[in-house]
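One structure below.
The values are calculated or read from the model by the stated rules, or taken from the named source; none is laboratory data. Given the structure is predicted, the values throughout are model-derived calculations rather than measurements. Positions of Cβ are generated from backbone atoms using ideal geometry, with glycine treated the same way; all protein chains shown enter the neighbour counts. The area values use the complete protein model at the heavy-atom level, side chains included, leaving out ligands, DNA and RNA. Shrake-Rupley method; radii C 1.70, N 1.55, O 1.52, S 1.80 Å.
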Amino acid sequence: MSQPAIQLIHYGQDPLQFLAKRLLRDHQHKLPNLSEVTVILAELQAAPLLRSWLLQLSSVEGFPALLGPRIVTLRDWLRPYFPSDVPVCDPHTQLLILVEALSQHPALLKAANPWALASDLISLFDELTLNHVDLPADLEDFTRQLQSAYGLHSGVISALGQEARLVHTLWHAWHNQLQADRLTDAQAAYLLALTQSLKQLPAEHSLYLAGFHSFNLAELNWLTTLLQHHQTSLLLHGQAGVAPERYHPDAPLARLLQHFPAINTEPVSDEPYNAALTLLFDETAGTLQARSQTLLQRFPESPLASRLEVLMAQSAEEETCAIDIQVRQWLLQGKQRIGIVTENRRLARRVRALLERANITLQDEAGWALSTTSAAASLERWLECLEEDFSHLPLLDLLKSPFLFPDIEPDQIRFATLRLEQDIILHENIARGLNRYRQHVEDRRQRLPDWMADNANSLLHLLDRLETAATPLQSRLMDRQTPTVWLEGLQSSLQQLGMTDCFAADPAGSRLLQALEQMQLAARHSNMALSWLDLRTWLGRTLEQFHFQPPGSGQGVYLLGLAQSRLQHFDALIIGSAEREHLPGHPNPSPFFNETVRRELGLPAVTELLAERFHHFRRLLESAPRVLITARAEEDGEPMPASPWLETLQAVHQLAWKEVLTAPILKALLVEPASRVQRGDLAPLPALQTKPAPSLPATLQPGAFSPSS
């Protein structure tokens, strides 16, 4: 029996197990050779588990080994089809081009930050390209198009004219510059690759797409062609039984499937937990009171209480401790695969620290911004030293960095730093300036001849090396230089500090060097004169956008964001930080065009992004047999509103079954001191000492004692 080209996988099913079964069933006549199959996943973190399922299920079929399928993301799969005759413009080059174009149109820029505005324009241009929106060549035509979309009369176009002029001018300036540099932007190259893949994909090759919930217009057209040629299968995780325009967790899949109206792919489930959640979030079923009455009639006992718990913590610290305790408890119960899903990266790092204190290693799939790593902090302290004439605060932090001067003994640097801090900065009250530090070291050595001459020499040597490393940059701070000159000076200073070698030996530092290398490659295409502030802004944005994922394999505990949780299934799951601030959160709105205009232009609206997050939350509620939701009731004395999805869940549950969902056992463990990890001092105790007694040799005793003595 042939399988449908588009198939919905029920919320409660393990999507990767389902996909593995589908692959083995569709290609059973070719087993164990699946080399002509490509699986395209929305998130590559799911690839190892899919391979594990394929091996496990194929062993049951009598094939202990497989020549497995290729498992990639869509962009990675398309990479061989990218145009080879025209270089593709990377994001750094694109940013420099737009910043330079803005600098040439000061009337458009006004008081805006050119780097932030250029970044927003890049996002807008990417959306326009991927959704086949091409701006008219004439500005007046574009203005009239926007005027119609906004529903404005011809007299009310002053602000609209400014917005239209900015977008229109920069769009064409950007494309003209790309053409002059003989470059193509990444999204245009992506479109060409989609088209080229349709021409070159072998007829016998099978494609499977899984984990997707939406596509842009270019991808939809590509997918439609593949489906018409029977060259692909699309597996979607969830339900789609609602109107596409509604704010509902099933709306993203319903919106996607409306492009394929002839396909009936609605899964059927009579499982009480699924049915209760479906009805609970269904606004068409009436008010909260009406939904609760319907639920009570269908389910006299709550089907949610046995699987779902909610902990409202009084602080961020209590929430972190609760997650730590729950994970350790589940591990002791033998659960093999535990997920922690949160959009709060601060909470994620706190949880990671607590679990690592208990010797539990996490697999952090989301990672964090490169700017928050110790390597980036050391680089930041060096740049602050240059800017602030080696002020004592950044200087001391820099000297305590493990990335500085690897050729000097660490103890020698530590002792010299201590003497600088205690004797020069604090005692002599010297706050900044390498020459002033050096002068007072010399003065102190002359006044106090016994003042550790060797360490004074070590300290002077450190100050001299810092001055040498600062020379390529410090003399230019007030000048404007090309990006290449700035970055070469930065690289030179890092090499003289020994940071380059230290970064290369550190996972986060190695990622930082990659970021700097990409900036240098982009700098070749720009001769724009940058100030030091421009360089710092560019570098800061780069370190914020680059993400670092720590190496190492977890012990069955996975830390993920909402997007990374696609296709995942767990033995137990924690959804952390379920406050309105993080669920649904605040998707960064584009400063260009409102929701109505974006729809008119064919661009995704913010409401669609919120519905996609709602879909992820709803999917997670059935991705494990045990689910814990945590949230903070307050933060720094201020009340924290809970997620509206959690509020709906609790309100309907209380109306139907007269109780809110809680976590009583976990709440009790939170106040139990024995539930916390305590690290004792493992050093051996000192040997037992006897009380010392004074002794007076006979030769020292006087022959006689006077009355006064």
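Of everything in region 662-672 that's closer than 15 Å to T630 by Cα and outside any helix (DSSP H, G or I), which residue is most open to solvent (accessible area, probe 1.4 Å)?
It comes out as T662.
Just one of E384, E343, E301, E380 is surrounded by fewer than 20 Cβ atoms within 10 Å (Cβ to Cβ) and either modelled with pLDDT under 95 or not in a helix (DSSP H, G or I) (or both); which is it?
E301
How about region 111-126: which of its residues are over 15 Å from W174 (Cα atoms) and assigned to a helix (DSSP H, G or I)?
A116, the sole residue that qualifies.
Return the residues of region 401-422 that are farther than 24 Å from A515 by Cα and assigned to a loop (DSSP other than H, G, I, E, B); say none if nothing qualifies. I'd like the intermediate steps shown before the answer.
Just the residues of region 401-422 that are farther than 24 Å from A515 by Cα, to begin with: 407-422.
Answer for region 401-422, where residues must be farther than 24 Å from A515 by Cα and assigned to a loop (DSSP other than H, G, I, E, B): D407, I408, E409.
Being under 19 Å from R79 (Cβ atoms), in contact with a strand residue (DSSP E or B) (Cβ under 6 Å, 6 or more places away or on another chain) and either surrounded by 21 or more Cβ atoms within 10 Å (Cβ to Cβ) or of a type in the set (V, I, T) (or both): is that true of T232 here? Steps first, please.
Working: under 19 Å from R79 (Cβ atoms): yes; in contact with a strand residue (DSSP E or B) (Cβ under 6 Å, 6 or more places away or on another chain): yes; either surrounded by 21 or more Cβ atoms within 10 Å (Cβ to Cβ) or of a type in the set (V, I, T) (or both): yes.
When the stated conditions are applied, T232 passes them.
Out of the residues in region 206-265 that are among the hydroxyl-bearing types (S, T, Y) and assigned to a loop (DSSP other than H, G, I, E, B), state the one that is farthest from the chain's Cα centre (by Cα). I'd like the intermediate steps shown before the answer.
So the first thing to find is which residues in region 206-265 are among the hydroxyl-bearing types (S, T, Y), and the list is 206, 208, 214, 224-225, 232-233, 247, 265.
Filter once more, keeping what is assigned to a loop (DSSP other than H, G, I, E, B): 214, 247, 265.
Details: S214: 20, Y247: 25, T265: 33 Å.
Only one residue tops the list, namely T265.
Just the residues that are outside any loop (DSSP other than H, G, I, E, B) and open to solvent by less than 70 Å² (accessible area, probe 1.4 Å), please, taken from region 387-396. First the steps, then the outcome.
So the first thing to find is which residues in region 387-396 are outside any loop (DSSP other than H, G, I, E, B), and the list is 387, 392-396.
Of everything in region 387-396, those that are outside any loop (DSSP other than H, G, I, E, B) and open to solvent by less than 70 Å² (accessible area, probe 1.4 Å) turn out to be H392, P394, L395, L396.
Give me the pairs, please: first residue somewhere in region 397-415 and touching a residue at least 12 places away in the same chain (Cβ under 8 Å), second residue anywhere and of a type in the set (D, E) and part of a loop (DSSP other than H, G, I, E, B), beta-carbon distance under 9 Å, and either six or more positions apart or on two chains.
If the second residue must be of a type in the set (D, E) and part of a loop (DSSP other than H, G, I, E, B), the pairs left are P402/D506; F403/D506.
Has region 435-449 got any residue that is in a helix (DSSP H, G or I), surrounded by fewer than 14 Cβ atoms within 10 Å (Cβ to Cβ) and either aromatic (F, W, Y) or touching a residue at least 40 places away in the same chain (Cβ under 8 Å) (or both)? Don't jump to the end; show me each part of the working.
Here is the first cut: in region 435-449, the residues in a helix (DSSP H, G or I) are 435-447.
Now narrow it down to the ones that are surrounded by fewer than 14 Cβ atoms within 10 Å (Cβ to Cβ): 435, 442-443, 446-447.
Filter once more, keeping what is either aromatic (F, W, Y) or touching a residue at least 40 places away in the same chain (Cβ under 8 Å) (or both): none.
Looking through region 435-449, none of the residues is in a helix (DSSP H, G or I), surrounded by fewer than 14 Cβ atoms within 10 Å (Cβ to Cβ) and either aromatic (F, W, Y) or touching a residue at least 40 places away in the same chain (Cβ under 8 Å) (or both).
Go through region 602-621 and report how many residues are in contact with a Lys or Arg (Cβ under 9 Å, 6 or more places away or on another chain) and among the acidic types (D, E). Working first, answer last.
Narrowing region 602-621 to residues in contact with a Lys or Arg (Cβ under 9 Å, 6 or more places away or on another chain): 604-606, 608, 611, 616, 619, 621.
Then drop every residue that is not among the acidic types (D, E), which leaves 608.
Total satisfying the criteria: 1.
Residue check: is L108 farther than 22 Å from N588 by Cα and in a helix (DSSP H, G or I)?
On the way: farther than 22 Å from N588 by Cα: yes; in a helix (DSSP H, G or I): yes.
The answer is yes for L108.
Looking at N216, N274, which one is modelled with pLDDT of 90 or more, crowded, with 18+ Cβ neighbours inside 10 Å and closer than 28 Å to L78 by Cα?
Going through N216, N274 in turn, just one is modelled with pLDDT of 90 or more, crowded, with 18+ Cβ neighbours inside 10 Å and closer than 28 Å to L78 by Cα: N216.
Of (1) within 30 Å of R580 (Cβ to Cβ); (2) among the charged types (D, E, K, R); (3) open to solvent by 90 Å² or more (accessible area, probe 1.4 Å), E647 satisfies all except one. Which?
(3) is the only condition that E647 fails.
Has region 551-565 got at least one residue that is free of Cβ contacts under 8 Å to residues at least 60 places away in the same chain and either buried (at least 17 other Cβ atoms within 10 Å of the Cβ) or more than 22 Å from W330 (Cβ to Cβ) (or both)?
Applying the first criterion (free of Cβ contacts under 8 Å to residues at least 60 places away in the same chain) to region 551-565 yields 551.
From what is left, the residues that are either buried (at least 17 other Cβ atoms within 10 Å of the Cβ) or more than 22 Å from W330 (Cβ to Cβ) (or both) are 551.
Scanning region 551-565 turns up at least one residue that is free of Cβ contacts under 8 Å to residues at least 60 places away in the same chain and either buried (at least 17 other Cβ atoms within 10 Å of the Cβ) or more than 22 Å from W330 (Cβ to Cβ) (or both).
Of the numbered conditions (1) over 24 Å from Q293 (Cβ atoms); (2) surrounded by fewer than 16 Cβ atoms within 10 Å (Cβ to Cβ), E659 satisfies every one except a single condition; which is it?
(1)
Select from region 397-427 the residues that are surrounded by 14 or more Cβ atoms within 10 Å (Cβ to Cβ), among the basic types (K, R) and within 26 Å of P507 (Cβ to Cβ) and list them in ascending order.
Selection gives K400 alone.
Quick grid of which residues meet (1) in contact with a His (Cβ under 6 Å, 6 or more places away or on another chain); (2) assigned to a helix (DSSP H, G or I); (3) open to solvent by less than 20 Å² (accessible area, probe 1.4 Å); (4) in contact (Cβ under 8 Å) with a residue 40 or more places away in the chain:
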{"site": "S59", "(1), (2), (3), (4)": "no, yes, no, no"}
{"site": "I97", "(1), (2), (3), (4)": "no, yes, yes, yes"}
{"site": "L102", "(1), (2), (3), (4)": "no, yes, yes, yes"}
{"site": "A137", "(1), (2), (3), (4)": "no, no, no, no"}
{"site": "A149", "(1), (2), (3), (4)": "no, yes, yes, yes"}
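Could you figure out which of (1) at pLDDT below 90; (2) in a loop (DSSP other than H, G, I, E, B); (3) open to solvent by 30 Å² or more (accessible area, probe 1.4 Å) isn't true of N455?
Evaluating N455 over (1) at pLDDT below 90; (2) in a loop (DSSP other than H, G, I, E, B); (3) open to solvent by 30 Å² or more (accessible area, probe 1.4 Å) leaves (2) as the failure.
Can you pull out every residue in region 353-368 that is in contact (Cβ under 8 Å) with a residue 40 or more places away in the chain, out of contact with any strand residue (DSSP E or B) (no Cβ under 6 Å at 6 or more places or on another chain) and either surrounded by 21 or more Cβ atoms within 10 Å (Cβ to Cβ) or of a type in the set (G, A, S) (or both)?
Passing the criteria: L355, A358.
For A203, only one of the following conditions fails: (1) at pLDDT below 90; (2) surrounded by 17 or more Cβ atoms within 10 Å (Cβ to Cβ); (3) among the hydrophobic types (A, V, I, L, M, F, W, C). What is its number?
(2)
Any residue in region 673-680 that is loosely packed, with under 12 Cβ neighbours inside 10 Å, closer than 21 Å to I340 by Cα and not small (G, A, S)?
Within region 673-680 (the criterion being loosely packed, with under 12 Cβ neighbours inside 10 Å, closer than 21 Å to I340 by Cα and not small (G, A, S)), the answer is no, since none of the residues qualifies.
Pull up region 34-57, narrow it to residues that are of a type in the set (S, T, Y) and open to solvent by 10 Å² or more (accessible area, probe 1.4 Å), then point me to the one that is farthest from G556 (Cα to Cα).
S35
Does region 605-612 include one or more residues that are in contact with a Ser or Thr (Cβ under 9 Å, 6 or more places away or on another chain), in a helix (DSSP H, G or I) and over 24 Å from R291 (Cα atoms)?
yes
Just one of (1) surrounded by 10 or more Cβ atoms within 10 Å (Cβ to Cβ); (2) part of a loop (DSSP other than H, G, I, E, B) trips up V652, so point out which.
Condition not satisfied by V652: (2).
Using beta carbons and a limit of 8 Å, which pairs, at least six apart or on different chains, have the first residue in region 530-548 and in contact (Cβ under 8 Å) with a residue 24 or more places away in the chain and over 18 Å from Q491 (Cβ atoms) and the second one of a type in the set (S, T, Y) and open to solvent by 20 Å² or more (accessible area, probe 1.4 Å)?
Close Cβ pairs satisfying both conditions: R541/S119; E544/S371.
For region 8-26, name all the residues that are open to solvent by 30 Å² or more (accessible area, probe 1.4 Å) and touching a strand residue (DSSP E or B) at 6+ places or on another chain (Cβ under 9 Å).
Q13, F18, D26
Has region 368-380 got any residue that is farther than 19 Å from S643 by Cα and among the acidic types (D, E)?
Yes: one or more hits.
For I263, which of the numbered conditions (1) of a type in the set (A, V, I, L, M, F, W, C); (2) open to solvent by 40 Å² or more (accessible area, probe 1.4 Å); (3) at pLDDT 95 or above fails to hold?
If we test I263 against (1) of a type in the set (A, V, I, L, M, F, W, C); (2) open to solvent by 40 Å² or more (accessible area, probe 1.4 Å); (3) at pLDDT 95 or above, just (3) comes out false.
Does T169 fit the bill of being open to solvent by 20 Å² or more (accessible area, probe 1.4 Å), in a helix (DSSP H, G or I), touching a helix residue (DSSP H, G or I) at 6+ places or on another chain (Cβ under 8 Å) and over 24 Å from V606 (Cβ atoms)?
In short, yes.
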